[in-house]
Amino acid sequence: RAAGPDVNPRLVGMLAAEIRRYRPDVVHTHLVHADVSGQLAAALTRVPGVSSVHGAPAFYRREPYRSLGRAVGRLAARRIAISESVARFVSELRLAPPERVRVIHYGVDVAKWTATESDRRRARASFELAEDEVVVGIAARLIAGKGHAALIESFARATANLPRLRLLVAGEGPARRSLESLAEQLCPRDSVRFLGFTTDVASVFAASDLLVFPTLPELSEGFGLAPLEAMATARPVIVSAVGSLPEVVDDVGIVVPAASVEALSAAIVNLASDAALRHRLGSRSAARARDVFGLETMVSRTVALYEEIA
């Protein structure tokens, strides 16, 4: 049913009626509107509730959202944070009592992202990449907070030492024109390719030798799913020290200070010039994606939480 306007008291009654009709053991909500209405309805029907927090949005730092978030945290029996970073945010703003917070990481279907050598050759052929070219990849919306400009500057520096470097930029967004102009100014001709929106990110990852996710502090990264998918492809990743990104890669990737062109360029050169290091980190990345962030782990931990409160 349509929820109506942002503030719709009738919605709580409608949801309560649906809960009584279907008689669930648990009501699980996500995002502020669903949290407020859904957790109120769950409380009215005496069904235990779970609320997921998937990021650290700035609006929770101002009213009325902060008070609404705290109210939801008191109503819900448990509040899931998708990373330790998000859990710290929930604790800082008191969006739930500490004893009710559970960290359950996002899970990834590793089999979907596993890339064989034939997948790599096929993907590189589709992008017309030579075997001796070392490919840096990024898949992200083309917006300021994703750090593309810093990446392009870093890549341009790196090509001074490694002329066979190539950069694949997958994604679309309002910053595309300015980023294309920056690449034309700074980078060797034809060394950067903007792919636009693609539904086949797996091929971009398979074609790449390393992936970079240089997110800036102003952008809330609740988890960092794209770096995890790159890790599942057995590719080494470079991330900025923002939000949960260091938590995701841990010691199987390279973490650099946000917006540091010098540090990011050095990390790119380090990986691009050492095939053995790329292979070693890529293998460890795939193992971490499988063992720590596998889809089955996320599902089993979520089901265990449901059973805990039902």
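Relative to the longest principal Cα axis of the chain, at what angle does helix 148-161 sit, 0 to 90 degrees, rounded to 10?
On a 0 to 90 degree scale, this one is about 20.
Report, in degrees rounded to the nearest 10, the 0 to 90 angle that the Cα long axis of helix 261-272 makes with the longest principal axis of the chain.
70 degrees
Which number do you get for Rg(Cα) / (2.2 N^0.38 Å) in the range 1-159?
After normalising by residue count via 2.2 N^0.38 Å, the value is 1.46.
To test your reading of the geometry: what angle, between 0 and 90 degrees and rounded to tens, separates the Cα axis of helix 65-75 from the longest principal axis of the chain?
60 degrees
Please work out the ratio of the alpha-carbon Rg of the range 239-300 to 2.2 N^0.38 Å and round it to two decimals.
1.27
Relative to the compact-globule scaling 2.2 N^0.38 Å, provide the ratio for the alpha-carbon radius of gyration of the range 157-240.
With N residues counted in the range 157-240, Rg over 2.2 N^0.38 Å equals 1.14.
Using a 7 Å offset from the Cα along the Cα-to-Cβ direction at both SER126 and LEU225, what is the distance between the two label points in nm, to one decimal?
For SER126 paired with LEU225, the spin-label model returns 2.0 nm.
Residue by residue through the range 299-310, which ³J(HN,Hα) values in whole Hz follow from phi under the Karplus form 6.51 cos²θ - 1.76 cosθ + 1.60 (θ = phi - 60°), with glycine and proline marked x?
5, 5, 6, 5, 4, 4, 5, 4, 5, 5, 9, 5
Can you give the Kirkwood hydrodynamic radius for the range 3-75, in Å, rounded to one decimal and based on Cα pairs?
Every distinct Cα pair counted, the radius reaches 12.5 Å.
Carbon-plus-sulfur fraction of the accessible area of the chain, 1.4 Å probe, in percent?
C and S fraction of accessible area: 53 percent.
Local charge sum around SER178 (other residues, Cβ-Cβ under 15 Å, Lys/Arg +1, Asp/Glu -1)? Numbers along the way, then the final one.
Numbers: positive: ARG141, LYS146, ARG176, ARG177; negative: GLU153, GLU172, GLU180, GLU184.
Once all neighbours under 15 Å are counted, the net charge is 0.
Report the Stokes-Einstein translational diffusion coefficient (µm² s⁻¹, integer) for the chain, Rh taken as the Kirkwood radius over Cα pairs, at 25 °C with viscosity 0.890 mPa s.
Diffusion coefficient, whole number: 117 µm²/s.
Over the chain, give the accessible area per residue in Å² for a 1.4 Å probe, as an integer.
48 Å²
Near the amide H of LEU31, under 5 Å away, which other amide H atoms are found, from residues 5 or more places off or on another chain, if H is placed in the peptide plane?
For LEU31, the qualifying residues are SER52.
Rounded to whole Hz and in sequence order, give me ³J(HN,Hα) for the range 92-102 from the Karplus expression 6.51 cos²θ - 1.76 cosθ + 1.60, θ = phi - 60°, writing x for Gly and Pro.
4, 8, 6, 7, 5, x, x, 5, 9, 8, 10
In nm, to one decimal, how far is the MET298 label point from the THR116 one, both placed 7 Å along Cα→Cβ?
In this crude spin-label approximation the distance works out to 2.6 nm.
What is the distance in Å between the Cα centres of the range 223-259 and the range 59-90?
Computed from Cα coordinates, the inter-centre distance equals 25 Å.
Please list, in chain and number order, the residues 5+ apart from VAL134 or on another chain whose amide H is under 5 Å from its amide H, with Hs placed from the backbone.
For VAL134, the qualifying residues are LEU165, ARG166.
The values are calculated or read from the model by the stated rules, or taken from the named source; none is laboratory data. Remember, predicted model here, so these are calculated numbers, not experimental data. Neighbour counts are summed over all protein chains in view; Cβ atoms, including those assigned to glycine, are modelled from backbone coordinates with ideal geometry. All accessible areas refer to the heavy atoms of the entire protein, side chains included, with ligands and DNA or RNA removed. Shrake-Rupley method; radii C 1.70, N 1.55, O 1.52, S 1.80 Å.
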